Amino acid sequence: MTTSFKPFVLHVDDEPDLLKPWKDEVTSQGDIEIEVCHPQDITEASLTKASLLLVDFKIEHWTERANAPALALRPPNGLAVLATLQEKAHELDPKKACAYALYTAVIQDVARELVHQPHIVARAHNLEWIFEKNGAENPIAERARRVAELAAAVESLPQDWPGEAAASATEALHKWLALPKEVPWVEAATREIRRCRPPIHEFAEHTHGIGVVRWVLHKILPYPTFLLDEAHVAARLRVSLKSLRAVADSAEFKALFGNASYQGQLSSFLGRRWWRAGVEHAIFEATADSPGDLVVLHNVLKEKVAGIEKQDAPRLFPVLGQQFKTKDDLATEDTVVEVRPDDWPPFADEAWALRVDLEDAPELKAVAVEDEP
């Protein structure tokens, strides 16, 4: 493993002197290094060392670029700079794993006609992630934590991904995901991972494991797959999302579902995640006398987890709102319609939206399948 080295972030910005508070915040995340420099000052040594290359989208203060004689020497923005640096990094060290990400306050300009979801926009631009640097939803400490977590995830990859040996590749993936070995639901989790088509052979080997990082960032964490977010766990338990968020860190809730908590790489990148197989096993254990009985489950939750609020509905649905963002309230079956966003993985659970939201969210209306023959 490459964990003997500190994760190193190379952040390229046209006004690096203004980013000292940001640099200090990233450094405060723990065992991580960061260098912030102007595009003109990038060195081969720093580029080769990087676990994560982060480039600002708007690059306006670059005199040498403005005075360059040829159009090809004047990259218009950070996307163009990233493409050049990706190729240079490969030339310098073809076997070094590095993640590439954009840092921007104007994701709408980067997204162009796409919805403003970082994983979708990143995939469209051949990047691992888009970090948004403003807004109440993206405080500096949260951004710094995610940057540090992504860099650490890259540095934790095997030095040489064992792509050709199927058993070794699977073992490498399970180790990176920290799949528990001594739990009764490990085989179910293994099957669920396999159904999500992890790129663990030639693609992982070709990208030195970055393909696996990208798979988790783009296809697993944002969707209900073998990992579930708070909304999908709340829906499965038929409890309010607000109350689940309030008790998720409590000792009482962890006593029931703590073993199902995902602790692998990128475990808090987009918020809490739980192993689906672990959640299902915990429900089975809690309702052993009447397997799956909702009344029994709610009685157990009421008895053991103070503050959790049950919802009296046979089914609950997390729903997407504008820009395909999951809303804070769960919905009942009579209020939802299935939607199929273009990027939604076929191995993920179905996506849903409120019927009343379709008229106000053209992106949802376009992918609704209610009237499909």
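Within the stretch 31-40, the residues that satisfy the criterion of being surrounded by 12 or more Cβ atoms within 10 Å (Cβ to Cβ) and in a loop (DSSP other than H, G, I, E, B) are Ile32, His38.
Only a single criterion out of (1) open to solvent by 30 Å² or more (accessible area, probe 1.4 Å); (2) closer than 20 Å to Thr326 by Cα; (3) in contact with a strand residue (DSSP E or B) (Cβ under 9 Å, 6 or more places away or on another chain) is not satisfied by Val216, namely (1).
Please go through the stretch 5-29 and pick out each residue that is open to solvent by less than 40 Å² (accessible area, probe 1.4 Å) and either in a strand (DSSP E or B) or out of contact with any strand residue (DSSP E or B) (no Cβ under 6 Å at 6 or more places or on another chain) (or both). Can you show your working first?
Step one: of the stretch 5-29, the residues open to solvent by less than 40 Å² (accessible area, probe 1.4 Å) are 7-14, 16, 19, 22, 26.
Those that are open to solvent by less than 40 Å² (accessible area, probe 1.4 Å) and either in a strand (DSSP E or B) or out of contact with any strand residue (DSSP E or B) (no Cβ under 6 Å at 6 or more places or on another chain) (or both): Pro7, Phe8, Val9, Leu10, His11, Val12, Asp14, Trp22.
The set of residues in the stretch 132-154 that are open to solvent by less than 20 Å² (accessible area, probe 1.4 Å) and within 13 Å of Ile34 (Cβ to Cβ) comprises Ala144, Val147, Ala148, Leu150, Ala151.
So that you can scan it fast, the table gives a plain yes or no per residue for (1) among the charged types (D, E, K, R); (2) under 27 Å from Gly209 (Cα atoms); (3) in contact with a strand residue (DSSP E or B) (Cβ under 8 Å, 6 or more places away or on another chain):
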{"residue": "Thr63", "(1), (2), (3)": "no, no, no"}
{"residue": "Leu71", "(1), (2), (3)": "no, no, no"}
{"residue": "Ala80", "(1), (2), (3)": "no, yes, no"}
{"residue": "Lys96", "(1), (2), (3)": "yes, yes, no"}
{"residue": "Thr104", "(1), (2), (3)": "no, yes, yes"}
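For the stretch 41-83, enumerate the residues that are surrounded by 12 or more Cβ atoms within 10 Å (Cβ to Cβ) and part of a helix (DSSP H, G or I).
Glu44, Ser46, Leu47, Thr48, Lys49, Arg65, Gly78, Leu79, Ala80, Val81, Leu82, Ala83
The number of residues in the stretch 113-123 being open to solvent by 40 Å² or more (accessible area, probe 1.4 Å) and touching a residue at least 12 places away in the same chain (Cβ under 8 Å) comes to 2.
Looking only at the stretch 146-165, how many residues end up being of a type in the set (D, E, K, R) and within 13 Å of Leu52 (Cβ to Cβ)?
The first filter runs over the stretch 146-165 and keeps only residues of a type in the set (D, E, K, R), leaving 146, 149, 155, 160, 164.
Now drop any that are not within 13 Å of Leu52 (Cβ to Cβ), which leaves 146, 149, 155.
Total meeting the criteria: 3.
Ala136 passes every criterion in (1) of a type in the set (A, V, I, L, M); (2) modelled with pLDDT of 95 or more; (3) not in a helix (DSSP H, G or I) apart from (2). With the checklist (1) out of contact with any Leu (no Cβ under 9 Å at 6 or more places or on another chain); (2) open to solvent by 50 Å² or more (accessible area, probe 1.4 Å); (3) assigned to a helix (DSSP H, G or I) in hand, flag the one item Lys88 doesn't pass. Result: Lys88 passes all but (1).
Those helices (runs of 4 or more DSSP H) of the stretch 168-270 in which at least 1 residues are at pLDDT 95 or above and among the charged types (D, E, K, R), considering only elements entirely within it, cover 186-195, 210-215, 230-237, 241-247, 251-257. Figure legend. Inter-residue proximity from the stretch 252-271: first residues within 17 Å of Phe131 (Cα to Cα), second residues open to solvent by 30 Å² or more (accessible area, probe 1.4 Å) and assigned to a strand (DSSP E or B), beta-carbon distance below 8 Å, spacing 6+ or different chains. No pairs are indicated.
The values are calculated or read from the model by the stated rules, or taken from the named source; none is laboratory data. Since we're looking at a predicted model, the values are computed, not measured. Because the Cβ atoms are built from the backbone with ideal geometry, glycine has one as well, and the counts that use them run over all protein chains shown. These accessible areas exclude ligands, DNA and RNA; they are computed on the full protein's heavy atoms, side chains included. Shrake-Rupley method; radii C 1.70, N 1.55, O 1.52, S 1.80 Å.
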